[in-house]
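A.B. asks: So that we are looking at the same thing, I have put the structure below in structure tokens.
The values are calculated or read from the model by the stated rules, or taken from the named source; none is laboratory data. What you see is a predicted model, and the numbers here were worked out from it, not measured in a lab. Ideal geometry is used to build each Cβ from the backbone, glycine not excepted, and the neighbour counts take in all protein chains shown.
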Amino acid sequence: PADKPAIIARIRKLLKERDAVLVAHYYVHPDIQDLAESTGGVVSDSLEMARFGHEHPGKTVVVAGVRFMGETAKILNPEKRVLMPELEAECSLDLATPIDEFSKFCDQHPDRVVVVYANTSAAVKARADWMVTSSIAEKIVAHLHAQGKKILFAPDKHLGDYIQRQTGADMLMWNASCVVHDEFKAQQLEEMKLSHPKAKVLVHPESPPSVIAMADFVGSTTGIIMAAERMKAPEYIVATDGGILHQMRKKLPGVNFIEAPTAGKGATCQSCAHCPWMAMNGLGNLLEVLERGHNEVRVDPEIGRKAKVCIERMLDFAK
Ligand code: 13P
Ligand code: SF4
């Protein structure tokens, strides 16, 4: 919008006045990522979003991301006010894991440790033994496997399959996927690689196995950024939401970052994978939520108390 600088200035002022901190995911609009970074907040992956919001002393946490991220912040900080620019920002993984069905599935397999991805509802977390994010899932499953535990993993089948291949753990999988990452296609990626022979391929583990198989690095959003800094290639093909390229270009100017191709877009893809729910976060609704204080994330206290156990287990493990 034409009045963008004024909106940004007003958001900065309100964050201070409300003793609020902005915690943003790499997939949200670059303007919001920059605001989070420049106002003492953070832009990061799901693990660091949870940790940062928990450790920050601010009374209000504003989560620019999708609902499970807001819920995780609220569960960890029931005494704080957690606001989101858009409460209807969902996640296909969360939507594909209704608590009643999931609970039945768990009941049918009482011999398995229940490990759920962060991308789930508070109720699903309350039914789980462990919560994991993509950056720590493999380590936690390897740890459980080493103890001889059998695992029930939900909801992302591609992430689960990847961890299973990496660790050799006995894993029973829920069948859901991310609508964004599921669209990456190996054949088009192969073609793209041919026209960019020096490019390294960085892949989020929510992608299909055929795409993961072509990766030079597989990991969380933060992991992908760190890998690019480490590998020092002149070009990268990145198979995750294109929002991440903003940080990569800021950190590594002069390096060429290309979005991995999705179905039908072939090697000319310019703007392929973008999470429709992450895109619901804008400067307009961020300003509005700070002005009005509406859109407060609420989690049933009893469910929150149970869900907190499995989230804290992960945070302790990550220390
Ligand atoms: P990260 O934890 O890797 O940021 O992933 C979150 C997510 O929703 C990926 O689609
Ligand atoms: Fe969920 Fe996929 Fe969007 Fe991440 S990108 S929030 S996994 S729908």
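A.B. asks: Could you tell me which numbered condition G243 fails, if it satisfies all but one of (1) crowded, with 22+ Cβ neighbours inside 10 Å; (2) under 18 Å from Y117 (Cβ atoms)?
C.D. replies: That leaves (2) as the condition not met.
A.B. asks: Quick check on the stretch 90-124: of everything there that is over 30 Å from G284 (Cα atoms) and small (G, A, S), which residue is farthest from ligand 1 (Cβ to nearest atom)?
C.D. replies: S103
A.B. asks: While we're looking at this one, here's another question. Here are some conditions: (1) closer than 25 Å to V82 by Cβ; (2) outside the structural domain of V62 (by TED's automatic domain parsing). N285 meets all but one. Which one does it not meet?
C.D. replies: (2)
A.B. asks: Can you name every residue in the stretch 106-123 that is away from ligand 2 (no atom under 14 Å from the Cβ) and not in a strand (DSSP E or B)?
C.D. replies: Result: C106, D107, Q108, H109, P110, D111, R112, A122, A123.
A.B. asks: Evaluate the stretch 97-104: report whether one residue or more is polar (S, T, N, Q), farther than 20 Å from M314 by Cα and touching a strand residue (DSSP E or B) at 6+ places or on another chain (Cβ under 8 Å).
C.D. replies: Filtering the stretch 97-104 down to residues polar (S, T, N, Q) leaves 97, 103.
Retained after the next criterion (residues that are farther than 20 Å from M314 by Cα): 97, 103.
Cutting the leftovers down to touching a strand residue (DSSP E or B) at 6+ places or on another chain (Cβ under 8 Å) gives us 97.
Checked the stretch 97-104: at least one residue is polar (S, T, N, Q), farther than 20 Å from M314 by Cα and touching a strand residue (DSSP E or B) at 6+ places or on another chain (Cβ under 8 Å).
Yes/no matrix, rows are residues, columns are (1) assigned by TED's automatic domain parsing to the domain that holds S220; (2) closer than 22 Å to K308 by Cα; (3) not aromatic (F, W, Y):
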site	(1), (2), (3)
A126	no, yes, yes
W130	no, yes, no
S134	no, yes, yes
A137	no, yes, yes
I140	no, yes, yes
H145	no, no, yes
K157	no, no, yes
I163	no, no, yes
Q166	no, no, yes
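A.B. asks: Please state which of the following conditions T97 fails to meet, knowing it meets all the rest: (1) in the same structural domain as D19 (by TED's automatic domain parsing); (2) crowded, with 19+ Cβ neighbours inside 10 Å.
C.D. replies: The one condition T97 does not meet is (1).
A.B. asks: Just give me the residues in the stretch 195-210 being more than 14 Å from ligand 2 (Cβ to nearest atom) and either polar (S, T, N, Q) or farther than 15 Å from Q164 by Cα (or both), in sequence order.
C.D. replies: Matches in the stretch 195-210: S195, H196, P197, K198, A199, K200, V201, L202, S210.
A.B. asks: Yes or no: the stretch 77-89 includes at least one residue that is more than 16 Å from ligand 1 (Cβ to nearest atom), under 22 Å from F317 (Cα atoms), touching a residue at least 40 places away in the same chain (Cβ under 8 Å) and not aromatic (F, W, Y).
C.D. replies: Yes.
A.B. asks: Determine, yes or no, whether G293 is modelled with pLDDT under 95 and within 30 Å of T60 (Cα to Cα). Steps first, please.
C.D. replies: On the way: modelled with pLDDT under 95: yes; within 30 Å of T60 (Cα to Cα): yes.
So G293 fits the description; yes.
A.B. asks: Next question, about the same structure. Just the residues that are surrounded by fewer than 19 Cβ atoms within 10 Å (Cβ to Cβ), touching a residue at least 24 places away in the same chain (Cβ under 8 Å) and out of contact with any Gly (no Cβ under 6 Å at 6 or more places or on another chain), please, taken from the stretch 17-28.
C.D. replies: Residues of the stretch 17-28 that are surrounded by fewer than 19 Cβ atoms within 10 Å (Cβ to Cβ), as a first pass: 17-19.
Now narrow it down to the ones that are touching a residue at least 24 places away in the same chain (Cβ under 8 Å): 18-19.
Answer for the stretch 17-28, where residues must be surrounded by fewer than 19 Cβ atoms within 10 Å (Cβ to Cβ), touching a residue at least 24 places away in the same chain (Cβ under 8 Å) and out of contact with any Gly (no Cβ under 6 Å at 6 or more places or on another chain): just R18.
The rows are residues; the columns are (1) within 27 Å of E71 (Cβ to Cβ); (2) in contact with a helix residue (DSSP H, G or I) (Cβ under 6 Å, 6 or more places away or on another chain).
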residue	(1), (2)
A227	no, no
V255	no, no
C275	yes, no
M280	yes, no
L287	yes, yes
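A.B. asks: A further question follows. Could you please let me know if Q247 is at pLDDT 95 or above and either away from ligand 2 (no atom under 13 Å from the Cβ) or in the same structural domain as A199 (by TED's automatic domain parsing) (or both)?
C.D. replies: Here the answer is yes, as Q247 does meet what is asked.
A.B. asks: Out of all the residues in the stretch 138-157, is one or more crowded, with 23+ Cβ neighbours inside 10 Å, of a type in the set (D, E) and within 16 Å of ligand 2 (Cβ to nearest atom)? It would help to see each step written out before you state the result.
C.D. replies: Here is the first cut: in the stretch 138-157, the ones crowded, with 23+ Cβ neighbours inside 10 Å are 141, 151-156.
Then keep just the ones that are of a type in the set (D, E); that gives 156.
Remaining after also requiring within 16 Å of ligand 2 (Cβ to nearest atom): 156.
Yes, that holds for at least one residue.
A.B. asks: For residues in the stretch 287-308 being among the hydrophobic types (A, V, I, L, M, F, W, C) and not in a loop (DSSP other than H, G, I, E, B), which is surrounded by the most Cβ atoms within 10 Å (Cβ to Cβ)?
C.D. replies: So the first thing to find is which residues in the stretch 287-308 are among the hydrophobic types (A, V, I, L, M, F, W, C), and the list is 287, 289-290, 297, 299, 303, 307.
Keeping just the survivors that are not in a loop (DSSP other than H, G, I, E, B) gives 287, 289-290, 303, 307.
Working: L287: 17, V289: 24, L290: 22, I303: 19, A307: 28.
Top of the filtered list is A307.
Yes/no per residue for (1) surrounded by fewer than 18 Cβ atoms within 10 Å (Cβ to Cβ); (2) assigned by TED's automatic domain parsing to the domain that holds L35; (3) within 16 Å of ligand 1 (Cβ to nearest atom):
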site	(1), (2), (3)
K198	yes, no, no
F217	yes, no, yes
P234	yes, no, no
A260	no, no, yes
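A.B. asks: Within 16 Å of ligand 1 (Cβ to nearest atom), closer than 29 Å to G219 by Cα and at pLDDT below 95: is that true of F68 in this structure?
C.D. replies: Details: within 16 Å of ligand 1 (Cβ to nearest atom): yes; closer than 29 Å to G219 by Cα: yes; at pLDDT below 95: no.
Taking the combined requirement at face value, the residue does not satisfy it.
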